[in-house]
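Bear in mind these aren't lab numbers, they're just calculated from the coordinates by the rules spelled out. None of the values given here were measured: they were computed from a predicted structure. No Cβ is skipped: glycine too gets one built from the backbone with ideal geometry, and neighbour counts run over all protein chains shown.
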Amino acid sequence: MIYVSRKEHFNAAHKLYNPAWSKEKNFEVFGPCANENWHGHNYELIVTVKGYSDPETGFVIDLKKLSNLIKAEIIEKVDHKNLNLDVPFMKGKMASTEVLAKEIWEILEKKIPPITGFGQLHSVKIYETPRNCVEYLGE
């Protein structure tokens, strides 16, 4: 099995806030991430595809095609946006990095097989900061 990854970058704002809770409880649980006026991150998105290499090309997936897919389906929708307000696939959901990773998986999982006959989505990894990341394996 071979694992091939593509890294993309985007900037976005969000806040962590549970509307069923008081302002005080939100701040107690989420701290400054519950800031009423939002906060932002410089995210790194790493998408990994696993599979076997095509005997004719040697590729598990053409990385240019994977990059184009990620840009069209994800980056164009989240870059310089507010995840809570501007991103349709995040509407009504907690804008945590964990939820974001799962939603990105849901979008890409169906769209990767048509561009590679030899691979499938293995993981979506998002660095929210250089020290904090989330990895989702579709489980």
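Things worth noting here:
- Charge-dipole axis of the chain as Lys and Arg at +1 and Asp and Glu at -1 on Cβ define it, positive-most pick from ALA101, PRO19, THR116: PRO19
- Acute angle (nearest 10 degrees) that the helix 97-111 long axis makes with the longest principal axis of the chain, alpha-carbon atoms: 30 degrees
- Per DSSP, loop GluC sites (Glu not before Pro) in the stretch 28-106 with at most 10 further Cβ within 10 Å: GLU36, GLU56
- Pairwise inverse Cα distances across the chain, averaged and inverted, put the Kirkwood hydrodynamic radius at 15.9 Å.
- Where only DSSP H runs of four or more residues are counted, the chain gives -6500 deg cm²/dmol as its mean residue ellipticity at 222 nm, each run worth -39500 (n - 2.57).
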